[in-house]
Amino acid sequence: PLMVLLALLALFAFVVLPALDSYLRRGGGIGGDPVAASFDGIEVTGSRVTKLTQTHLAVVRFLGELATETMRRGGVPQPPGFRYDEQSGQIQSLGIDGNPSAANTIDTLKFANEARKAGFDLDDTAIEIWLTRFSDGTLSDSEITQILMRSTNNQLGVLTLYEQLRMHLLADLYQRAALVGLSSNNFPVVTPVGQ
């Protein structure tokens with residue numbers, strides 16, 4: 001009986017415990033989605049950051065296609081921050097952060113939250129106006145939606161697009177407001193918020 005008991009303990013220690021440990025480390029247990037960041041009492045999980053980053057990538061791809069179609073039709077995207085280099089034929093800036101990453105997603109969430117606390121907000125009408133300026137009036141709302149559906153393989157809807165644009169535009173607005181007028185000897189000062 002003692003040999004059977006020792007064999008069962010060994011089996012438990014060398015087979016069951018490592019499998020259980022591996023399962024818990026992969027996030028299979030309670031609280032398996034780790035917190036990637038927290039600010040102002042808001043906890044942002046790793047899965048939410050990943051999803052927002054993927055959505056941001058889809059929005060950047062959509063805006064690139066929208067800008068290309070706008071210029072093909074003779075328009076020039078008009079939102080603040082849009083830059084196009086005519087010599088190289090490359091879009092340098094879309095008017096929102098064009099570098100999707102987990103760190104940028106967390107920063108965008110923080111800055112958008114700060115913008116809301118400071119009293120800034122954008123409704124759907126403001127986002128529609130921004131998109132109209134982006135397309136320079138060369139595309140109708142339905143054509144913009146068609147480009148969105150095509151560029152994202154029907155994975156991104158208009159409401160999700162608006163939420164992403166709202167978040168990025170608020171974050172950009174907050175950063176611009178934080179940096180306005182800060183200079184020393186005609187050189188801009190980078191604030192801790194900007195850093």
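The values are calculated or read from the model by the stated rules, or taken from the named source; none is laboratory data. Quantities reported herein were computed from a predicted structural model and do not represent experimental measurements. Virtual Cβ from ideal backbone geometry, glycine too; neighbours counted across all protein chains shown. Calculation scope for accessible area: heavy atoms of the full protein, side chains included, ligands and nucleic acids excluded. Shrake-Rupley method; radii C 1.70, N 1.55, O 1.52, S 1.80 Å.
For this structure, a couple of remarks:
- Segment 56-100, subset crowded, with 21+ Cβ neighbours inside 10 Å, in contact with a helix residue (DSSP H, G or I) (Cβ under 6 Å, 6 or more places away or on another chain) and of a type in the set (Val, Ile, Thr), residue modelled with the highest pLDDT: Val59
- Being closer than 15 Å to Ala171 by Cα, in a loop (DSSP other than H, G, I, E, B) and modelled with pLDDT of 90 or more holds for only one residue in Leu109, Leu52, Leu139, Leu122, and it is Leu122.
- Which numbered condition Phe39 fails, given (1) more than 30 Å from Ile147 (Cβ to Cβ); (2) out of contact with any Lys or Arg (no Cβ under 6 Å at 6 or more places or on another chain); (3) loosely packed, with under 15 Cβ neighbours inside 10 Å: (2)
- Just one of the numbered conditions (1) aromatic (Phe, Trp, Tyr); (2) modelled with pLDDT under 95; (3) open to solvent by less than 40 Å² (accessible area, probe 1.4 Å) is not true of Tyr174: (3).
- Residue in segment 19-28 that is of a type outside the set (Asp, Glu), within 19 Å of the chain's Cα centre (by Cα) and either surrounded by 12 or more Cβ atoms within 10 Å (Cβ to Cβ) or modelled with pLDDT of 90 or more (or both) present: no
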